[in-house]
Amino acid sequence: MTTGGELFPQDPTSQLAQFSKVSTPDSLVSEGREREQAWCVVEADDGWWEVFYYERGSRTQNLGRANSRIAALRLLGGRMLVTDILNRS
């Protein structure tokens, strides 16, 4: 058992790096609110998590919905991984 800290980081960019093995700048991800030119992970009124890109005051790319925060981060992590692979080639 650990003392004085959390076993795993709770911020979304650290968890994305852990799940997808792709480092993501903090400025690119927003959790819990919409933010311009960022991927947003927001809990909907029905308890599901929505993942989308937000720019110019609207959602421009909907990745989908997930039934948990971790599943939503994995959905976004998969997108980041695909983008990273495509940018390398």
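Only the coordinates and a few stated rules stand behind these numbers; no lab work does. Since we're looking at a predicted model, the values are computed, not measured. Heads up, the Cβs are rebuilt from the backbone with ideal geometry, glycines too, and the neighbour counts pull from every protein chain shown.
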Legend entry - Charge sum, other residues only, whose C-beta stays under 13 Å from residue 34's C-beta, Lys/Arg counted +1 and Asp/Glu -1: -1
Legend entry - For residue 40, residues with placed amide H under 5 Å, excluding near neighbours: 30, 52, 53, 54
Legend entry - Radius of gyration and maximum dimension Dmax of region 35-89, Cα, Å: 11.8, 40
Inset, instruction - Note down the net charge around residue 46, summing +1 for each Lys or Arg and -1 for each Asp or Glu among other residues with Cβ under 15 Å from its Cβ. - result: -1
Legend entry - Percent RCO, i.e. relative contact order, over region 24-88, from Cα pairs under 8 Å lying at least 6 residues apart: 21
